[in-house]
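A.B. asks: Sharing a structure below in structure tokens format, with a few things to ask.
Throughout, read-outs are computed from the coordinates displayed, never taken from laboratory work. Note that this is a predicted model, so its numbers are computed, not measured. Glycine gets a Cβ as well: all are built from the backbone with ideal geometry, and neighbour counts include every protein chain shown.
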Amino acid sequence: MIDLKALRENPDRFKLGAQRKGVSVDIDRVIELDSHIRSLTTERETLKAEQNRLAKESGPKIGQLMGKLKAASGDERAAIEAEVNELRSKPAKLKTQVSVFEEQLALLEPELRDLLLLIPLPPDDDVPVGTSADDNVELSTWAPEGYDLSKSFEANRGFAPKTHIELIESLGLVDFERGVKVAGTRSYVLTGDGMRLHQAILRYAFDRMVDQHGFTPMSVPVLVRGEAMEGTGFFPAGRDQTYHIEESKRGAGHDMYLTGTGEVGLMGLHADEILDKADLPLKYVTVSTCFRREAGAAGRDTAGLYRIHQFDKVEQVVICEADEKASRDWHKQMIAIVEDLLQSLGLPYRLLQCCTGDLGVKNADMIDIECFMPGRGDLDDNERPTGAFGETHSASRLYDFQCRRLNMRYRDESEDGKKQTVFCHSLNNTVAASPRILIPILEMYQNEDGSVTIPEALRTYMGGVERLGED
RNA sequence: GGUGCGGUGGCCGAGCGGCUGAAGGCGCUCGACUUGAAAUCGAGUAAACCCGAAAGGGUUUCGUGGGUUCGAAUCCCACCCGCACCGCCA
């Protein structure tokens, strides 16, 4: 949720932001509704104040008169009754007047709310303007000693790489056929060492977050109420991407949704809370199963483990004070954590500055981290892939966009010493999403004989196994 | 699935038609005492929105929505959520 006051003061900033993000939303209508609602509100409140005043004034009088009435009779009685009726009628008149305004407001307020939910957070000025992923900007690359990203995998290693799909098949790590049998397209079953490697990377990443980076480990619901989806900014825009459990159709009180990221559960934890400033920043890590419908991605990445409906992800979330510098610093730190992890695994990667058109409604800034996948990319003359980077991580900086929607605040003192409540800032970043991360691991660690070496860091999580596919 | 109970401020908890934006406690802030701290004592301390340069004023909010009433945290209705016990069960 954006700040309505800020929009009122500077609508152009939000118009430009929406335009740069490629989101079409009628901001002029929002301004019109807002000013209309405010003038109606003022009138209603004036009447209401008068009504309250009268009620306070005439209440005791009515009480007194009613007392007298008991003892009175004849003309005196009639006079008292008339006076009581008079006293009662004034507030009643106001009440009908108030209800006229209330009816009008009841029509306009939901419209404003619905529109507000659609207005994107304007991208920061230092985010490059662009319309699609093609306009994203590479910031840096990293590769382990002895691997030169400017050369092909074959030039580096002396043999042509197999794709992760080929390696998976020959090593028996995944059963796609049976996955599809059980759950349909884009489903899979990790088998044997495939499942073990999947668990190994998740646990390795999770443990590092807790042990080395001091994040608080959490388990969170992946089946959540709509409020959590809306609060985190995934609704209404991302409804299509979300599995919807229509429990209300079965008589339950409300529907449920399967989350596409642990971010939803983690951010939902403190919704509607006023936090203690001393408790910030909150640093949470969770590992959760993620569900994505991948609507609109029909035909893209249909083979292999790249684009699937269900996966597991270690996710980091930071909730910090409302300070741009703090947000920016945490963003860098959270990216550094991932770089450190990837370097410990010896996986080549690059940092990609997402352009405005690739940000989504809730981000001010987003850095994607892409691992190098030798089995991806365009095909060469021999119909073999030439290798390409593939997104494995995404680091978002959201300012107070989510915390406004979630109503997550903390107490602070303003410069003049006054106490106030402030919306927190939030950030999130992938730590490791598997099985997608298995793609670069398998493809980069493959050997000429078709075996795959287990990265050293993961071996303790693999019962000491050093190599898959060894005779 | 059955039965019972309940949802009040940052937290706990009282109130059960007007004097209640809400007792009391905890927490927090400031002050006194103290070499300092603890303890103790005193004062203060809800949120959102609107008007205002500010001082200040107004409206709303006791789960949500509707109703009764001159007036509702308090009465009525519907809904949501939670807890306890029983049944079933990983």
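A.B. asks: Counting only other residues whose beta carbon sits under 12 Å from that of A:ALA322, what net charge do I get with K and R as +1, D and E as -1?
C.D. replies: Counting the neighbours of A:ALA322, the net charge comes to -1.
A.B. asks: Please give the peptides A:452-458, A:198-204, A:272-278, A:93-99 ranked by average Cβ packing (other Cβ atoms within 10 Å per residue), highest first, as a rough proxy for protection.
C.D. replies: Ranked from most to least packed, the peptides come out as A:198-204, A:452-458, A:93-99, A:272-278.
A.B. asks: Still on this structure, please answer the following. Sorted by packing (mean other beta-carbon atoms within 10 Å per residue), highest first, where do A:280-288, A:15-23 land?
C.D. replies: Ranked from most to least packed, the peptides come out as A:280-288, A:15-23.
A.B. asks: Continuing with this model, one more query. Find the all-direction average of the projected area of the Cα convex hull for the stretch A:297-358, expressing the result in square nanometres with one decimal place.
C.D. replies: Across all orientations, the stretch A:297-358 yields a mean hull projection of 6.7 nm².
A.B. asks: Compute the normalised compactness of chain A: alpha-carbon radius of gyration over 2.2 N^0.38 Å, N being the residue count.
C.D. replies: 1.31
A.B. asks: In the stretch A:430-471, how does Rg compare with the Kirkwood Rh, expressed as the Rg/Rh ratio over alpha carbon atoms?
C.D. replies: We get a ratio of 0.99 for the stretch A:430-471.
A.B. asks: Return the distance in nm (one decimal) between the two label points of a simple spin-label model at A:THR42 and A:ASN85, each offset 7 Å from Cα along Cα→Cβ.
C.D. replies: In this crude label model, A:THR42 to A:ASN85 measures out at 3.9 nm.
A.B. asks: Tell me, A:LEU121, A:LEU116 in order of fewest to most beta-carbon neighbours within 10 Å?
C.D. replies: Ranked by crowding around the Cβ, least crowded first: A:LEU116, A:LEU121.
A.B. asks: Still on this structure: With a Förster radius of 22 Å, plug the Cβ-Cβ distance of A:GLN310 and A:GLU247 into 1/(1 + (r/R0)^6) and report the FRET value to the nearest 0.05.
C.D. replies: 0.65
A.B. asks: Scan around A:GLU273 for amide H atoms under 5 Å from its own, H built in the peptide plane at 1.01 Å from N, and keep only partners 5 or more places away or cross-chain.
C.D. replies: Counting only residues 5 or more places away or on other chains, the set is A:ARG409.
A.B. asks: Here is a follow-up. Taking A:LYS162 as the anchor, which lysines have their alpha carbon closer than 30 Å to its alpha carbon, excluding any fewer than eight residues away along the same chain?
C.D. replies: The qualifying lysines are A:LYS151, A:LYS181, A:LYS313.
A.B. asks: Which of the cysteines in chain A are isolated, no other cysteine C-beta under 4.7 Å?
C.D. replies: A:CYS290, A:CYS320, A:CYS354, A:CYS355, A:CYS371
A.B. asks: Do the alpha carbons of any pairs in A:LYS56/A:LYS95; A:LYS362/A:LYS419; A:LYS21/A:LYS249; A:LYS15/A:LYS48 sit beyond 26 Å of each other, and which pairs?
C.D. replies: A:LYS362/A:LYS419; A:LYS21/A:LYS249; A:LYS15/A:LYS48
A.B. asks: Given a Förster distance of 41 Å, report the FRET efficiency between A:ASP276 and A:GLU169 from their Cβ-Cβ distance, rounded to the nearest 0.05.
C.D. replies: After rounding to 0.05, the efficiency reads 0.15.
A.B. asks: Looking only at the stretch A:357-388, which residues have a backbone nitrogen under 15 Å from a spot 7 Å from the Cα of A:ASP126 in the C-beta direction?
C.D. replies: Those under the cut-off are A:364-367.
A.B. asks: Can I ask one more? Determine the gain in length on full extension of the stretch A:SER35-A:ALA457; use 0.36 nm per residue of separation and subtract their C-alpha separation, reporting nm with one decimal.
C.D. replies: 146.0 nm
A.B. asks: Here's another thing I want to ask about it. Return one quarter of the surface area of the convex hull spanned by the alpha-carbon atoms of the stretch A:296-423, equal to its mean projected area, in nm².
C.D. replies: For the Cα atoms of the stretch A:296-423, the hull's average projected area reads 10.9 nm².
A.B. asks: Which order, highest average first, do A:296-307, A:345-356 follow once you tally other Cβ atoms within 10 Å for each residue and take the mean per peptide?
C.D. replies: Listed from highest to lowest mean packing, they are A:345-356, A:296-307.
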